[in-house]
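The values are calculated or read from the model by the stated rules, or taken from the named source; none is laboratory data. On a predicted model such as this, the values are computed, not experimentally measured, just so you know. FYI the Cβ positions are ideal-geometry reconstructions off the backbone, even for glycines, and counts take in every protein chain you see. Protein only, heavy atoms only, side chains kept; ligands, DNA and RNA dropped before computing areas. Shrake-Rupley method; radii C 1.70, N 1.55, O 1.52, S 1.80 Å.
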Amino acid sequence: MIPDIIDIRNASKHYDTDSGFVHALGETTARIGEGAFVSIVGPSGCGKTTLLKMIGGLIPASNGEILIRGTPVTSPRADVGFVFQNSVLLPWKTTRENVLLPIVVRKKLSAQDIDRADELLDLVGLGSFGDRYPHELSGGMQQRASICRALIQDPACLLMDEPFGALDSLTRENMNVFFNGLWLSTGKTVVMVTHSIQEAVFMSTRVIVMSERPGRIVDDVAIPFEAQRSPDIMGSAAFGATAARIRHYFTKANLD
Ligand SMILES: Nc1ncnc2c1ncn2[C@@H]1O[C@H](COP(=O)(O)OP(=O)(O)O)[C@@H](O)[C@H]1O
Ligand SMILES: [Mg+2]
């Protein structure tokens, strides 16, 4: 049995703002095993980002609770890394300095930290870009640098919110394949929100499908491929059938 790393127990969220009450996320229960790659797909505004922020301790649940490795999440933790859609690298800092930011805000840098940043940059093919500034990197390279920043504290778990959404489709496909290798070599547990059913099926071990807001889990799909993925699988019947099962929830008839 693979132990659960993330345990979401009847967690829900409403926002109570000046402009009114928003029931953002319905009651949600899910357990995610160590080393899994779980994608979350669902209509716009159904509470995906809200759920990810709750798992990461950026916002509290309104009801229910979320545990990571058996401890309730109450604030951001060093063993959870975040990657957002628009990588927010600081333009006045070098790539290496950007990767080291999560460390710098906590403590004085050691030579070991700098070596670790360079190792990570090597791992994502940016070994010779440590001294370059973000504007000298392409979109895909900036996103790889953000992934390094999320990995610098060696988190057990990586939360990614539409991490490849801003990339052109070819770069995106390359990043999907590249990230599959990175996930395999690092053994991290990944939870990724994506709008792309193809990306979800290609990269994940499991895809959680959510309903319209307030989002609830309507399906939980095991992906029937080996952990190492090659673009070839996209043409297979199993890939098509799995994608169709998920797409079914988003056809107009099923939303009406
Ligand atoms: N800080 C907030 N205050 C008020 N409403 C919010 C806030 N954040 C998100 N919402 C609302 O909650 C719902 C879910 O948002 P979100 O989790 O961002 O959805 P998704 O990521 O699935 O598109 C949306 O209706 C959104 O407008
Ligand atoms: Mg979102």
Is it true that some residue in region 169-184 is in contact (Cβ under 8 Å) with a residue 60 or more places away in the chain and either among the β-branched types (Val, Ile, Thr) or outside any helix (DSSP H, G or I) (or both)?
no
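Here is a yes/no grid of residues against (1) open to solvent by 60 Å² or more (accessible area, probe 1.4 Å); (2) of a type in the set (Val, Ile, Thr); (3) in contact with a Phe, Trp or Tyr (Cβ under 9 Å, 6 or more places away or on another chain):
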position	(1), (2), (3)
Asp7	no, no, no
Phe21	yes, no, yes
Ile55	no, yes, no
Gly64	no, no, no
Leu67	no, no, no
Phe84	yes, no, no
Arg96	no, no, yes
Select from region 98-113 the residues that are open to solvent by 40 Å² or more (accessible area, probe 1.4 Å) and in contact with a Cys (Cβ under 6 Å, 6 or more places away or on another chain) and list them in ascending order.
none
Taking the options Lys93, Lys107, name whichever one is touching a residue at least 24 places away in the same chain (Cβ under 8 Å), in contact with a helix residue (DSSP H, G or I) (Cβ under 9 Å, 6 or more places away or on another chain) and away from ligand 1 (no atom under 16 Å from the Cβ).
Lys93
For region 29-83, which residues satisfy the criterion of being within 16 Å of ligand 1 (Cβ to nearest atom), part of a strand (DSSP E or B), within 17 Å of Pro155 (Cβ to Cβ) and within 16 Å of the chain's Cα centre (by Cα)?
Val38, Phe82, Val83
Does region 196-205 contain at least one residue that is in a strand (DSSP E or B), under 21 Å from Lys53 (Cα atoms) and either open to solvent by 10 Å² or more (accessible area, probe 1.4 Å) or in contact with a His (Cβ under 7 Å, 6 or more places away or on another chain) (or both)?
no
